[in-house]
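Report on the following structure.
Readers should treat all values here as calculations from the given coordinates under stated rules, not as data from a laboratory. On a predicted model such as this, the values are computed, not experimentally measured, just so you know. Note: ideal-geometry Cβ built from the backbone for every residue, glycine included; neighbour counts use all protein chains shown.
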Amino acid sequence: ALARGGHGAEAESEIEAVALEPVSDSDFPDTLVARMNRVQGLLAAATGDHARAVARLRAAAAGWQRRTSAATIGRRYAANIIDLGRPPLSGLVEPEREYQLVTAELAALTHPARSPHAHLR
């Protein structure tokens, strides 16, 4: 939200803080890199660094694509149930949805005319 709202410095600060926060299995730590790459890509796009934006969004897409494996879904849900400090649904991650989102953002950067949101520009 900060990156999209034009608050780049605050967004960068939040990204740095994320790396210092303790996490549990229900936070899906293996998805944090993909999430951070996406935000860094959005920040780079907002500042006009097209090459960095594309590179970060591609890294995010690759991270989410690795998480779409059916073999990992049950393990992640079980981690949520075991972490009794949180409601079971608070940390569910939808890798397919995240992958579609980041690939749409990447398409908007690399092929603006073919973006599904081109009419909003």
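Grab the other residues whose beta carbon is less than 14 angstrom from that of residue 44, score K and R as +1, D and E as -1, and report the net.
Around residue 44, the surrounding residues sum to +2.
What is the packing order of peptides 93-103, 57-67, taking the mean over residues of other C-beta atoms within 10 Å and listing the highest first?
Sorting 93-103, 57-67 by mean packing, highest first, produces 57-67, 93-103.
From the square roots a ≥ b ≥ c of the eigenvalues of the alpha-carbon gyration tensor of region 1-67, which class results: rounded (a/c under 1.5), prolate (a/b over b/c), or oblate?
In terms of gyration-tensor shape, oblate.
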